[in-house]
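Report on one structure; see the data block that follows.
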Amino acid sequence: MAKWYETETFYHIYPLGLLGAPARNTQEETVHRLPALVPWLDHMKEIGCGALYIGPLFESSAHGYDTIDYRSVDRRLGDNEDFAAFVREAHARGIRVVVDGVFNHTGREFFAFKDIQANRENSRYRWWYKGINFGWNSAWNDGFSYESWRGCGDLVNLNLDNREVKDYLFDVIRFWIHTFDIDGIRLDCADCLPFDFMKEMRWMTGNEKEDFWLMGEVIHGDYGRWANGEMCHSVTNYELNKGLWSGHNDHNYFEIAHTIRRQFDENGGIYRGRVLYSFADNHDVARVVEKLREPRHIYPLYALLYALPGVPSIYYGSEWGIRGRKEDGDAALRPAIDLAQISQDPPAPGLCEYITYLGKLREQQPALREGSYRELSLTNRQYAFARILGGEAVICAVNNDENEAQMWVRLPFGGQVTDLADGSEIRAENGQIGIAVPACRARHFLVKAQG
């Protein structure tokens, strides 16, 4: 039986942005913004999302990834009880909650780094970080140098080979599980973390909570190195993410089909048996509507996101087609949004309703969640494939052309064919169905095997 994290549709929130928190954490008082997220839980359920990835959450100096205190919710969002209550609200609605785990680095205001600043060579934490060198100086004029993530001096790299550091972080995770009852962790920059550290984390979290999920942020490389039986259950599928928008811009479904064939084909896909985390956009990349040359391509793009192998994720606001360019800085990708206002006046009318339709379709059809993948038809502008589970298959046919397309799609096996949009029966001829797919749209069909 599939685990929850292999079948749910995810919703992704960057809370400091969505809730309009100040960019710098300079306040002394706690501001209880987290309760304002409860109505978003009902919205998630309405559009068919059963899991939430939310983060970063814990006390930080600025953007959330420069951690000050792993055991306290950022005071700009609220306090620990606010978040515990939020998780209870989510669980009451059947929504699982996954948080950001920022374990590669801390901020400069983290207690261990501040102790090194104060005590230099005599600090008991001097070995908690990588590359501490008291013979050099940093750009911050600390009187010593240190290794940081991608040269960002406010993100100081932890020494995850140090037993004391590992034990500290594992105690933090146990604290999160016992205090907040979280269901998983998204590992920030997992491609920087030592494999042994992740293996031990997988063993520990599985013992704390049997169905606890670990998902790693990995951009390049062989995803199987991180997503396997010993480390992460899943990783971010950036390879598919790139194909989803560029395959439409270039009218080139071969790019997307090649990626999926390589990854998940039933006869040789290198990631068969793994369920990767799929997305159209997130808090680090431009909103997908900014990348599409033809705005109507948003519809077949999301149809593919929901029907191809993987667990799909919706980044808050993108279901209404909000804009945001990476060139304008991270804040442009992480805006404050008023749920009631945007629901009434969305930038892309009809898109949220379409994504809701796709979410419900995925809920109703087990093959879309768990089925094997088989390519059925492919040209530059039209693409059809099946997700097959037992004696049922769901066919998804997409068209990126600006005109209606006539397609002949061979069936994965003989049987009754039903149009999932209206319930009408489709007649097959010589093992194929002839269908018309509207411009920049998709159609879905259910095939039930005879006998």
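At a glance:
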read-out: Only listed residue being under 18 Å from the mean Cα position of the chain (by Cα), farther than 26 Å from Leu420 by Cα and in the same structural domain as Asn228 (by TED's automatic domain parsing), chosen from Gly273, Gly269, Gly317, Gly329; value: Gly317
read-out: Failed criterion for Ile388 (all others in (1) surrounded by fewer than 16 Cβ atoms within 10 Å (Cβ to Cβ); (2) in the same structural domain as Val437 (by TED's automatic domain parsing) hold); value: (1)
read-out: Residue within region 282-303 that is farther than 26 Å from Asp222 by Cα, of a type in the set (Phe, Trp, Tyr), in contact (Cβ under 8 Å) with a residue 12 or more places away in the chain and surrounded by 19 or more Cβ atoms within 10 Å (Cβ to Cβ) present; value: yes
read-out: In region 222-268, residue farthest from Asp188 (Cα to Cα) [restricted to those that are at pLDDT below 95 and assigned to a loop (DSSP other than H, G, I, E, B)]; value: Asn267
read-out: Some residue of region 399-412 being exposed (fewer than 15 other Cβ atoms within 10 Å of the Cβ), of a type in the set (A, V, I, L, M, F, W, C) and at pLDDT 95 or above; value: yes
read-out: Near pairs, Cβ below 6 angstrom, 6+ apart or cross-chain, from region 418-438 (farther than 24 Å from Asn403 by Cβ and of a type in the set (Ser, Thr, Tyr)) to any residue that is modelled with pLDDT of 95 or more and surrounded by 10 or more Cβ atoms within 10 Å (Cβ to Cβ); value: Thr418/Leu446
read-out: Answer from Tyr373, Tyr357 - the residue that is buried (at least 18 other Cβ atoms within 10 Å of the Cβ), among the aromatic types (Phe, Trp, Tyr) and part of a strand (DSSP E or B); value: Tyr373
read-out: Candidate set from region 183-211 (those that are in a loop (DSSP other than H, G, I, E, B) and under 16 Å from the mean Cα position of the chain (by Cα)); member that is nearest to Ala92 (Cα to Cα); value: Asp183
read-out: Residue check, Glu147 in contact with a strand residue (DSSP E or B) (Cβ under 9 Å, 6 or more places away or on another chain), more than 25 Å from Pro22 (Cβ to Cβ) and modelled with pLDDT of 95 or more; value: yes
read-out: Count of region 126-144 residues which are charged (D, E, K, R) and touching a strand residue (DSSP E or B) at 6+ places or on another chain (Cβ under 7 Å); value: 1
read-out: His32 being at negative phi, of a type outside the set (D, E, K, R) and crowded, with 20+ Cβ neighbours inside 10 Å; value: no
read-out: Some residue of region 335-350 being outside the structural domain of Ala442 (by TED's automatic domain parsing), within 18 Å of the chain's Cα centre (by Cα) and crowded, with 20+ Cβ neighbours inside 10 Å; value: no
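Quick grid of which residues meet (1) touching an Asp or Glu at 6+ places or on another chain (Cβ under 9 Å); (2) assigned by TED's automatic domain parsing to the domain that holds Ile68; (3) among the β-branched types (Val, Ile, Thr):
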| residue | (1), (2), (3) |
| --- | --- |
| Trp127 | yes, no, no |
| Trp140 | yes, no, no |
| Trp149 | no, no, no |
| Arg163 | no, yes, no |
| Arg174 | yes, yes, no |
| Phe180 | no, yes, no |
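Residues checked against (1) in contact with a helix residue (DSSP H, G or I) (Cβ under 9 Å, 6 or more places away or on another chain); (2) within 20 Å of Met215 (Cβ to Cβ); (3) in contact (Cβ under 8 Å) with a residue 40 or more places away in the chain; (4) surrounded by 16 or more Cβ atoms within 10 Å (Cβ to Cβ):
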| residue | (1), (2), (3), (4) |
| --- | --- |
| Thr7 | yes, yes, yes, yes |
| Tyr11 | yes, yes, yes, yes |
| Pro15 | yes, yes, yes, yes |
| Ala21 | yes, no, yes, yes |
| Thr26 | no, no, no, no |
| Trp40 | yes, no, yes, yes |
| Gly48 | yes, yes, yes, yes |
| Tyr53 | no, yes, yes, yes |
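The values are calculated or read from the model by the stated rules, or taken from the named source; none is laboratory data. Predicted model, so just to flag it, every value in this text is computed and none were measured. Cβ coordinates were reconstructed from backbone atoms using ideal geometry, including for glycine residues, and neighbour counts include every protein chain displayed.
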